[in-house]
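The values are calculated or read from the model by the stated rules, or taken from the named source; none is laboratory data. Keep in mind that what you see is a predicted model, and the values were worked out from it rather than measured. Cβ coordinates were reconstructed from backbone atoms using ideal geometry, including for glycine residues, and neighbour counts include every protein chain displayed.
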């Protein structure tokens, strides 16, 4: 077994509650991305936690679970061999609860997390993406030295490798997409104030006033939570 050195260059570009986080990983060509990507850029939780699955037929199940943002997959640890496996039969899942947080299925195999409960729920889809990256200003990302923190880590690998192996840079991006989940099951993406007004058509003026007064940023998780909680209260006559 040989020891291979991987350099992780973290781009300090944004806070987790805002638009997106980015990390550049410099590694040998062909290396397993999952083994070299920091856990915080793969999973919502730092470790697998006890979760409960609620199915549309009223049945349920439980196990140690986590959501992989990088590949958009709800995973669990198999009690048979302790391997990490993907949750199957997503179409039959109503919701999943992990460590007090609630997740709803979205499209094929992805899951979005509930941020604001209610008849109309605010949810977030935390989505990862990995693409080749050029340090010479690739993909519109600043390469200024002041914005990059380099951290050297040692990773053990069974591969004998090649001392002259080609290095490559991979840009891993995490981005939040916000949605309103309606009682009918319909999902509406929230990108601007008009999207919210369509879902709460009785209070368009109140919504405009709230957004203007609070300078709401639609890429800011806390701002969106406050706005939707306000809308829910207004429709209930509070």
- request: Evaluate the stretch 178-192: report whether one residue or more is touching a helix residue (DSSP H, G or I) at 6+ places or on another chain (Cβ under 6 Å), more than 28 Å from residue 42 (Cα to Cα) and surrounded by 12 or more Cβ atoms within 10 Å (Cβ to Cβ).
  value: no
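Can you name every one of the strands (runs of 3 or more DSSP E) wholly within the stretch 2-86 that holds 3 or more residues which are at pLDDT 75 or above, under 28 Å from residue 224 (Cβ atoms) and under 12 Å from the mean Cα position of the chain (by Cα)? Spell out the reasoning first.
Working: elements: 2-11, 20-28, 49-55, 60-68, 73-77, 84-86.
Counting at least 3 such residues, we get 60-68.
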Selection count where residues are assigned to a loop (DSSP other than H, G, I, E, B) and out of contact with any strand residue (DSSP E or B) (no Cβ under 7 Å at 6 or more places or on another chain), scope the stretch 87-96: 2
task: Please verify whether the stretch 139-152 includes one or more residues that are more than 22 Å from residue 70 (Cα to Cα), loosely packed, with under 15 Cβ neighbours inside 10 Å, modelled with pLDDT of 95 or more and over 23 Å from the mean Cα position of the chain (by Cα).
output: no
- line: Condition set assigned to a loop (DSSP other than H, G, I, E, B) and either modelled with pLDDT of 90 or more or under 13 Å from the mean Cα position of the chain (by Cα) (or both), scope the stretch 166-186, selection nearest to residue 227 (Cα to Cα): answer is 182
- prompt: Within the stretch 221-228, is even one residue touching a strand residue (DSSP E or B) at 6+ places or on another chain (Cβ under 6 Å), over 30 Å from residue 38 (Cβ atoms) and not in a strand (DSSP E or B)?
  reply: yes
- prompt: Of everything in the stretch 48-78 that's loosely packed, with under 13 Cβ neighbours inside 10 Å and out of contact with any strand residue (DSSP E or B) (no Cβ under 7 Å at 6 or more places or on another chain), which residue is nearest to residue 38 (Cα to Cα)?
  reply: 59
query: Here are some conditions: (1) within 17 Å of residue 181 (Cα to Cα); (2) touching a helix residue (DSSP H, G or I) at 6+ places or on another chain (Cβ under 8 Å). Residue 128 meets all but one. Which one does it not meet?
result: (1)
- prompt: Where residues in the stretch 110-126 are more than 18 Å from residue 99 (Cβ to Cβ) and under 16 Å from the mean Cα position of the chain (by Cα), which of them is surrounded by the most Cβ atoms within 10 Å (Cβ to Cβ)?
  reply: 122
